[in-house]
Structure formats: C-alpha cells, structure tokens
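Heads up: the structure comes next, in structure tokens.
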Amino acid sequence: MMNGTIKKLSEDVEIYIFFKLPMKSIMRFKCVTKTWCNLIQSFSFINLHHNYTSSKKDEFILFKRSLKEQNVFTNPLSFLRTPNGDDDLDYITRDLEVPYLSTGYGSIFHQFNGQCHGLIVLTDYVNFVILNPATRNYRLLPKSPFVCHRGFYRAIGGVGFVYDAIQRTYKVVRISEISGEEPFNDPSVVDWIGEVYDFSVDSWRNLPFGEEEFPWPYNCPFAEMYYKGVFHWYAHRNLVAILCFDSSTEVFRIMQVPEMCSLYDEKVHCLTILDECLTFICYPDPRRVSSPVQEITDIWIMKEYNVNDSWIKKFTIRCPPIESPLAIWNDSLLLLQDKRGIVISYNLNSDKVEDYKLHGYPGSLRIIVYKESLMSIPKGSTQVENY
C-alpha cells in the first residue's frame, strides 16, 4: 500500500516538474527513459499539459513572412519571445521553412490560422499544412475533390481552422465564390461553395449555405479569429459584418459589428482578442490617400460574447501609416506591419512606437500569439512528418 502511494506520488511530482519546463526540455526527456517517453506521449499527460494554467510569460510569437531572392520566395517561420519582460523580441530557436507553400501568390497572401490546442494550419489556397510548431510535426492534407468547371472562375474568400468539442475532431473550412470567366462568363451566374475537411474521416465534403445571403469574407491579414468554438471572418456586402462558422453545428451566421463601423468609410477592419474579449479594430485603409479620418484607429471590444449591445470602444489611437495590424501581445502591445514590410509596435498604455528588426516582403507579414502544446497531428491518408 505504501509502495503504491509512493510510486503514485513520484509520478505526480515528475508531472509537476515537467509542467514547469520549456517544451524543448520536455522533448529531450523523452529520450532519458522508456517510462518518461511513454508518460510524455500519453494522451492524459498531453491533455493535462495543455490545460495547465500558465501566465502570459509562457506565450511566445510565431512570426511568418516571405523573403524574395532572385524572384524566388522562401517562407521562414520564426519563434520570438520578450526577454526579461521587456518590449523587445528575441529569437528563441532556429527558424522553420514552411513546407509545400511554394506558389508566389501564396507566399505573399497566404492564410495563417490557429491556434487550436497548439496546432495551426497554413495554406496558399492550393495546399493545406497542419503544423505543431512546438513538436515540429506537420502533415499535408489531401486535396479537395472539388473541380471548377470550364468557363468558371473560383475565388477563395475565407479559410478557417476549428475544433469540434462535441465530435472531438479538428476541421478546416473553406469558402469560395464561383463566377463566370471570359469568354464564357455570365454575370448572373454566381454561386457560393462551402467545404469542410473533417480530420475524423480524413476527407472533404460540401457545406450547405441555405437561402440566407451572407457577407463575403474580406481576405486581408488579421481579418479572421477562432474564439469560443466559432470561427469569425471580417466580411462585407452592403454592410460591414462578422461572418461566423460554428465548429459543431457547421452553421453559418452573421454577427453585427459596432454601429459606427458598419458603413464603408476610409477604414479597413480586423479581428483579435483583447482582455479575453472578441475585439474589432478599425484602421486606416493603406490604399487611400491620408486624411484626418484615416489617421485614427479605433479598437472595440465585445464585453459579452454574441451580444451586439455590449460593444464598447476601448481605445482611439493615432499610429504611423501602416499596411495592417498583426496581433495584440500581452494585452498592451499592438503589433503592426508598416508599408516597408517591417514590424513595429504601438504600446496601448504609453502610446510609445517602436521598430523591431523584423522584416519581410511587403504585405507578407503574419503573427500568431502562441502557447506551446504536445498535441499530436491527427493521422490520415497523408503521412505525419518531422522537421
């Protein structure tokens, strides 16, 4: 009895120690003993590690950008952290080269979705790659069987990555618009196609949109957000809105934005999380000539999720001319990409602006605030690989 108690206590202590270690050290301890390897790879340990309460100091930044040399694009993914709580950003490990994203268009304008339990999805609209940056495992998803018929053109509007907590499976959703193309085009022929890749069955299937007319997702950086089991896209048609996709019911719906932001003006809009609330940012349109209206950026938060009347304006700021926001870091630093392709920050508390030594091809910069996880890549018809 006592031996059993001591043995259980010993494992509990080991688990507690592992939780305090960085991911790189945990991965190394898998090679020390077979017992530790089995423990660290077990489903229960992975879930306990994922749900372990940690501070924001345990988060770091995934920085994706494209670099162009001799008309060839590369797509490095960098791991960055703030040293000693400062506002600076330091590299904490070697870069990863994102696999399979080789098209020129995809290198500049690709989607960078996540995170779900430490997993992210990257796509150039042709290929989809699911990646765990912490374990450096990745997998190329099978291609969608959908084929656009001759005489029609397909435009990808939105891509999302979600976790269905009821079915306990991950899903990738893609929204496309099909229209006529020269010389066979018919302007009256426009259709929407929704597709979902379900990891539990390792296949794509079509999604019904029903009779309701939905706004079109706006394809720009920082314009989508996974939050509370729902994927959100900044979208527009006649009015600005948020298009939502529920991960479990697979139903699309519309969420209203703050009333002051619902009409077109000299602003572009994006989504993020601030103070653990869904956040809507209205920032200057980089394609327009500067004006007093354009210089102002408004940051709104939804205090009670899915309650339209709970939108409140949290900040109104004046930051330098930018291409787009990228992320909010530590609830105080608004990370932005300027028109030169350089990362800058705006401190929401002190109004301080700072340039970082991080650059890429203009318009290609993407950032995700990331928490490490041991979550494994779901297996399927394509092989899980490792860097």
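In segment 280-289 there is no residue that is in contact (Cβ under 8 Å) with a residue 60 or more places away in the chain, in the same structural domain as Ile175 (by TED's automatic domain parsing) and within 26 Å of Trp192 (Cα to Cα). Checked against (1) within 25 Å of Ser345 (Cα to Cα); (2) modelled with pLDDT of 80 or more; (3) not charged (D, E, K, R), Tyr91 meets all criteria but (2).
Yes/no matrix, rows are residues, columns are (1) more than 19 Å from the chain's Cα centre (by Cα); (2) closer than 21 Å to Asp338 by Cβ:
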| position | (1), (2) |
| --- | --- |
| Met260 | yes, no |
| Leu271 | no, yes |
| Pro284 | yes, yes |
| Arg287 | yes, yes |
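Test Val196 against the stated conditions and say whether it is modelled with pLDDT of 80 or more and part of a loop (DSSP other than H, G, I, E, B). When the stated conditions are applied, Val196 does not pass them. With respect to the conditions (1) closer than 19 Å to Ile368 by Cα; (2) polar (S, T, N, Q); (3) modelled with pLDDT under 70, Ser66 falls short on a single one, namely (3). Of all strands (runs of 3 or more DSSP E) completely enclosed by segment 310-375, which ones contain at least 1 residues that are of a type in the set (A, V, I, L, M) and touching a residue at least 40 places away in the same chain (Cβ under 8 Å)? It comes to 322-329, 333-338, 342-347, 353-359, 366-371.
Scan segment 275-282 and give yes if some residue there is surrounded by fewer than 16 Cβ atoms within 10 Å (Cβ to Cβ) and of a type in the set (Asp, Glu), otherwise no. Yes: segment 275-282 contains one or more residues that are surrounded by fewer than 16 Cβ atoms within 10 Å (Cβ to Cβ) and of a type in the set (Asp, Glu). Restricting attention to segment 337-387, the residues being among the hydrophobic types (A, V, I, L, M, F, W, C) and touching an Asp or Glu at 6+ places or on another chain (Cβ under 7 Å) number 3. Among the residues in segment 116-125, are any at pLDDT below 80 and closer than 16 Å to Tyr387 by Cα? There is no residue in segment 116-125 that is at pLDDT below 80 and closer than 16 Å to Tyr387 by Cα.
When the criteria are applied in full, Phe231 meets the requirement of being aromatic (Phe, Trp, Tyr), touching a strand residue (DSSP E or B) at 6+ places or on another chain (Cβ under 7 Å) and either buried (at least 21 other Cβ atoms within 10 Å of the Cβ) or not assigned by TED's automatic domain parsing to the domain that holds Gly341 (or both). Screening the candidates Lys303, Lys339, Lys352 for the property of being modelled with pLDDT under 90 and either out of contact with any strand residue (DSSP E or B) (no Cβ under 7 Å at 6 or more places or on another chain) or among the basic types (Lys, Arg) (or both) yields one hit, Lys339. Of the residues making up segment 199-213, those that are within 22 Å of the chain's Cα centre (by Cα) and in a loop (DSSP other than H, G, I, E, B) are Phe199, Ser200, Asp202.
Taking segment 327-358 as the range and being in contact with a His (Cβ under 8 Å, 6 or more places away or on another chain) and aliphatic (A, V, I, L, M) as the test, the residues that pass are Ile342, Val343. On the given criteria, is Val129 within 21 Å of Leu243 (Cβ to Cβ), in a strand (DSSP E or B) and at pLDDT 90 or above? No: the conditions fail for Val129. Summed over segment 241-268, the residues that are part of a strand (DSSP E or B) and at pLDDT 90 or above give a count of 10.
The values are calculated or read from the model by the stated rules, or taken from the named source; none is laboratory data. Just so it is clear, the model here is predicted, and its values are computed rather than measured. Note: ideal-geometry Cβ built from the backbone for every residue, glycine included; neighbour counts use all protein chains shown.
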